[in-house]
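This report refers to the structure that appears directly beneath it.
The values are calculated or read from the model by the stated rules, or taken from the named source; none is laboratory data. Quick caveat, the model's predicted, so the values are computed rather than measured. Because the Cβ atoms are built from the backbone with ideal geometry, glycine has one as well, and the counts that use them run over all protein chains shown. Heavy atoms of the whole protein, side chains included, go into the accessibility calculation; ligands, DNA and RNA do not. Shrake-Rupley method; radii C 1.70, N 1.55, O 1.52, S 1.80 Å.
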Amino acid sequence: MPPLNIFAKTLRDQKWQIVGFAFALAAMSSTSVWLWPSVRDSLQNFDIPAAARAFLGSDLDFATGAGYLSGRYFGWTEILAIVYVIIAGTGAIAGEESASTIDLLLAQPVSRRSVILQKLAAIILGLAIIIFGGYAGFLVSVPTVDIAVSLADIAVACANMLPIVIFFFALSLWAGAVAPNRGMAAGVVIAVTTATYFVFTLANGVESLEPVRYATPFYYYGAGLPLVYGIVWWHVGLLLSVSGVLVLLTLRTFERRDVSAGGATDLGLRSVVRRAIAQSTGT
Amino acid sequence: MTPAIQLNGVAKSYGDTRALSGIDLTVEPGRIFGFLGPNGAGKTTTIRILLDLIRPDAGAASVLGFDCQRQSLEVRRRVGYLPGDLRLYESMRGDVLLDFIDSFRPEKRDPAYRRALVDRLDLDLTRRIRALSKGNRQKLGLVQALLHRPDLLVLDEPTSGLDPIVQDDVVHLLEDAAAEGRTVFFSSHVLPEVEKISQSVAIIRAGKIVAIEDVAKLKARSVHVIEVTFAAPPPPGLFALPGVRELRRDGATVHFQAHDGVDAVLKAIATQRVLDLRTQQPSLEDVFLAYYTEPELPQEERRASA
C-alpha cells in the first residue's frame with residue numbers, strides 16, 4: 001500500500017479554496033430558500049407564459065418550490081463548482097509543470113499513475129465537500145420556510161451535480177496533461193465551459209437549435225433536474241463514462257510523455273494538437 | 001561491481017534540436033563523479049533521463065543495475081536528486097517539505113540525520129519557502145536529496161547560487177557521502193569546482209561526451225591563461241616555448257596560454273622587467289581546446305577560437 005501522501009498534500013493545499021467554495025454555496029442555497037416566501041408572493045398573481053420562461057433559459061415553473069430551487073440554485077451553481085475543478089484540475093499536472101515543482105515530485109519513488117489518481121481522489125473529495133456545503137445551507141434553511149420540497153429530494157439533486165462537475169474536472173485534467181502549461185489548459189476548458197453553457201441556455205426553447213443542446217454536456221445535467229423530473233440515470237452514466245475515458249486518456253498521455261519543468265518550450269497550437277492526438281491514440 | 005550509472009548510446013532530440021547524440025558513460029560506485037560542460041551541452045537532459053522525467057529516443061540508461069525506464073521506481077527509491085532549476089512548493093515550510101519528501105520512503109526516515117544535516121547547513125526550517133533566499137532554497141534542496149541516504153546522489157549544478165563558504169559546506173557533505181560508500185554524480189559548468197570535488201570527470205559538449213578522465217590527469221593537462229605587462233616590449237621569440245599557444249602581443253603586454261606547465265614560461269618572463277602579471281582561470285573552452293590536439297580539432301572550432 002503506497003502512502004497517500006500526495007492525496008493528503010493536495011487536500012491540504014486546497015483547504016482554503018474548498019472552504020471558500022463550500023461557504024459560497026451554503027450562502028447561496030440558504031438565501032435562496034429564505035427568499036422563497038417573498039418570491040412566491042410576488043409570483044402568485046403573475047403567470048409567466050411558457051415562451052417567456054423558455055426565453056429566460058428555463059422551462060421550469062418558478063411558482064413551485066421545486067421549480068424555483070431548480071432555476072435559482074441548481075441551474076447555475078454547478079458553474080461555481082466547475083470553476084473549482086478547473087482551478088484544481090489544471091493545477092494537478094500542468095500547474096506543477098508550470099511551477100517546475102514536477103521534477104522534485106516525480107523524482108520520488110511514486111508512479112505517475114499514482115500521482116494522478118491521488119490528486120484526482122483528493123479533488124473529488126474536495127468537490128464533494130463543496131457540494132455538501134451547499135446542502136448544509138439547505139439543511140439550516142428549509143425547515144424554517146414553507147417550501148414544500150423535501151431535504152431528501154434536495155440531497156439527491158445536490159448529488160446529481162457531481163457527474164457534470166466531474167466531467168469538467170476530467171476535461172481539465174486531460175487538458176493539463178496535454179498542454180503542459182496551466183494557462184493554456186485552463187483557457188481551453190473555460191472556453192468549452194462557457195461556450196457549451198451559452199449554447200445550452202440559448203438553445204432552450206429555440207426549436208431549430210434543439211439538436212445542438214444534445215451536444216452540450218449541460219443538457220445531460222440540466223434536463224435531469226431531479227427536483228422536477230427525477231434523475232435520468234443514463235445521463236448520469238453518460239457523463240461519468242465520458243469522464244472515465246478522459247481520465248484514462250490523461251493517464252495514458254501523462255505516463256508516456258516527457259515531463260517539462262517550466263512548461264513546454266514548443267507551445268504552438270499545431271504541435272500541441274498533434275501531440276494530443278498522438279499521445280491519446282498511441283501513435 | 002554494478003556501475004552506479006551506465007549509459008549506452010543514449011540519444012535525445014527535442015523536435016529538431018538534438019540534445020544528446022548517443023552518449024556512453026559508466027560511473028563506478030563509491031566515487032564522486034563530475035559532469036562538466038557548458039550550459040546547453042546536455043547535462044540536464046542526461047540527468048533527467050536517469051530519473052525518467054524524459055525518455056531517450058535511443059539507447060539504454062541504467063542506475064545501480066536498474067533500467068531507468070522500466071524499473072524507474074527502483075531507481076528513484078535509491079536516488080537523491082537535486083534539480084538544476086530547483087523549484088520547491090513555495091507555500092510550504094521547510095520542515096513540512098522535508099516531511100513530505102520523507103513520506104515517500106518511510107522506512108528510511110532518520111530524524112537524527114536530518115537534524116544533523118539541517119544544523120550543518122544552518123537552515124531555518126520554520127520559515128516558508130517563499131521567504132527563503134536563493135542560497136537557503138538550494139541548501140534545502142540539498143538536504144531533501146541527502147535525507148534518505150541514497151546510494152546515488154544526482155545533483156544538477158549543486159553549488160550554483162551559493163556563497164563560497166556554503167559551497168565548502170556542500171563539498172564536505174558530498175565528500176562525507178562518498179566516504180560512506182555512496183556515489184555522487186554532479187554536473188557543473190565550473191572547472192575548478194569539479195577539480196576540487198571529484199575524482200573522475202566526464203566532459204560533455206554539444207550533446208557528446210568528449211572526454212572521460214581522472215581528475216588528476218585533467219589537472220596535469222591544465223591550462224594557464226597568462227597576461228604579462230613588461231616595462232618595455234619584450235624581445236621577439238621570448239615565448240617560443242613548448243606549450244605556449246594563442247600568443248598575442250599588445251605593445252608591452254603579452255597574452256598567451258601555457259599548456260605544458262608554467263615553469264619554463266615563468267623563467268622566460270623573469271628575464272625581463274615585469275610591471276604586472278595576471279593569470280586567469282581557464283575557461284571551459286580553453287580546457288576543451290587543450291583536450292583536442294590539433295588534428296582532432298574540427299576546422300570550424302579552430303576558426304572560432306582563433
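Could you look through the range B:61-78, keep only residues that are out of contact with any Cys (no Cβ under 7 Å at 6 or more places or on another chain) and closer than 17 Å to B:Lys12 by Cβ, and pick out the one that is surrounded by the most Cβ atoms within 10 Å (Cβ to Cβ)?
That would be B:Val63.
Which of (1) open to solvent by 20 Å² or more (accessible area, probe 1.4 Å); (2) in contact (Cβ under 8 Å) with a residue 60 or more places away in the chain; (3) among the hydrophobic types (A, V, I, L, M, F, W, C) is the odd one out, the single condition B:Ala58 does not satisfy?
Every condition holds for B:Ala58 apart from (2).
Open to solvent by 20 Å² or more (accessible area, probe 1.4 Å) and more than 14 Å from the chain's Cα centre (by Cα): is that true of B:Ala206 in this structure?
The answer is yes for B:Ala206.
Go through the residues of the range B:117-127 one by one and say whether even a single one is at positive phi, modelled with pLDDT under 95 and in the same structural domain as B:Val184 (by TED's automatic domain parsing).
Within the range B:117-127, one or more residues are at positive phi, modelled with pLDDT under 95 and in the same structural domain as B:Val184 (by TED's automatic domain parsing).
For the range A:67-88, what are the residues that are open to solvent by less than 20 Å² (accessible area, probe 1.4 Å) and at pLDDT below 95?
A:Gly67, A:Tyr68, A:Leu69, A:Ser70, A:Tyr73, A:Phe74, A:Thr77, A:Glu78
Can B:Gly261 be described as under 26 Å from the mean Cα position of the chain (by Cα) and outside any strand (DSSP E or B)?
Against the criterion (under 26 Å from the mean Cα position of the chain (by Cα) and outside any strand (DSSP E or B)), B:Gly261 qualifies.
Which one of the conditions (1) among the polar types (S, T, N, Q); (2) more than 10 Å from chain A (Cβ to nearest Cβ); (3) farther than 20 Å from B:Asp169 by Cα does B:Ser91 fail to meet, given that it meets all the rest?
(2)
Kindly indicate whether any position in the range B:173-185 is modelled with pLDDT of 90 or more, closer than 20 Å to B:Arg31 by Cβ and among the polar types (S, T, N, Q).
For the range B:173-185, residues modelled with pLDDT of 90 or more, closer than 20 Å to B:Arg31 by Cβ and among the polar types (S, T, N, Q): present.
Out of (1) open to solvent by 10 Å² or more (accessible area, probe 1.4 Å); (2) of a type in the set (Gly, Ala, Ser); (3) within 14 Å of chain B (Cβ to nearest Cβ), what's the single condition that is false for A:Ala136?
Result: A:Ala136 passes all but (3).
Limited to the range B:209-241, what total is found for residues that are of a type outside the set (A, V, I, L, M), open to solvent by 40 Å² or more (accessible area, probe 1.4 Å) and either farther than 18 Å from B:Thr279 by Cβ or modelled with pLDDT of 90 or more (or both)?
6
Failed condition for B:Tyr81, given (1) buried (at least 20 other Cβ atoms within 10 Å of the Cβ); (2) away from chain A (no Cβ under 11 Å), with all others met?
(2)
When the range A:220-235 is examined, which residues are found to be assigned to a helix (DSSP H, G or I) and surrounded by fewer than 20 Cβ atoms within 10 Å (Cβ to Cβ)?
Within the range A:220-235, A:Trp233, A:Trp234, A:His235 qualify.
Just to verify a result, which residue in the range B:20-40, among those that are hydrophobic (A, V, I, L, M, F, W, C) and under 12 Å from the mean Cα position of the chain (by Cα), is nearest to B:Leu191 (Cα to Cα)?
Here the residue is B:Leu36.
Of all the residues that make up the range B:55-82, how many are within 21 Å of the chain's Cα centre (by Cα) and more than 18 Å from B:Ala177 (Cβ to Cβ)?
Of the residues in that region, 2 qualify.
Can you tell me which residue is modelled with the highest pLDDT among those in the range A:1-41 that are outside any helix (DSSP H, G or I) and farther than 20 Å from A:Val83 by Cβ?
For the range A:1-41, the residue satisfying everything is A:Leu4.
Within the range B:35-46, is there a residue that is under 13 Å from B:Ile5 (Cβ atoms), touching a residue at least 40 places away in the same chain (Cβ under 8 Å), within 11 Å of another protein chain (Cβ to nearest Cβ) and not basic (Lys, Arg)?
There is no residue in the range B:35-46 that is under 13 Å from B:Ile5 (Cβ atoms), touching a residue at least 40 places away in the same chain (Cβ under 8 Å), within 11 Å of another protein chain (Cβ to nearest Cβ) and not basic (Lys, Arg).
I want to confirm something. Restricting to the range A:239-257 and keeping residues that are out of contact with any Lys or Arg (no Cβ under 6 Å at 6 or more places or on another chain) and over 18 Å from A:Phe167 (Cβ atoms), which single residue is modelled with the highest pLDDT?
That would be A:Arg252.
As an exercise: evaluate B:Gly59 against (1) facing another protein chain (nearest Cβ under 9 Å); (2) touching a strand residue (DSSP E or B) at 6+ places or on another chain (Cβ under 7 Å) and give the number of the one condition it does not meet.
So B:Gly59 meets the others, but not (1).
Would you mention how many residues in the range A:145-191 are open to solvent by less than 40 Å² (accessible area, probe 1.4 Å) and assigned to a loop (DSSP other than H, G, I, E, B)?
The qualifying residues number 6.
Go through the range A:4-22 and count every residue that is open to solvent by less than 40 Å² (accessible area, probe 1.4 Å), more than 10 Å from every other protein chain (Cβ to nearest Cβ) and under 23 Å from A:Ser114 (Cβ atoms).
Of the residues in the range A:4-22, 3 are open to solvent by less than 40 Å² (accessible area, probe 1.4 Å), more than 10 Å from every other protein chain (Cβ to nearest Cβ) and under 23 Å from A:Ser114 (Cβ atoms).
Among the residues of the range B:144-164, is any outside any loop (DSSP other than H, G, I, E, B), more than 25 Å from B:Ser187 (Cβ to Cβ), at the interface with another protein chain (Cβ under 9 Å from one of its Cβ atoms) and modelled with pLDDT of 90 or more?
Looking through the range B:144-164, none of the residues is outside any loop (DSSP other than H, G, I, E, B), more than 25 Å from B:Ser187 (Cβ to Cβ), at the interface with another protein chain (Cβ under 9 Å from one of its Cβ atoms) and modelled with pLDDT of 90 or more.
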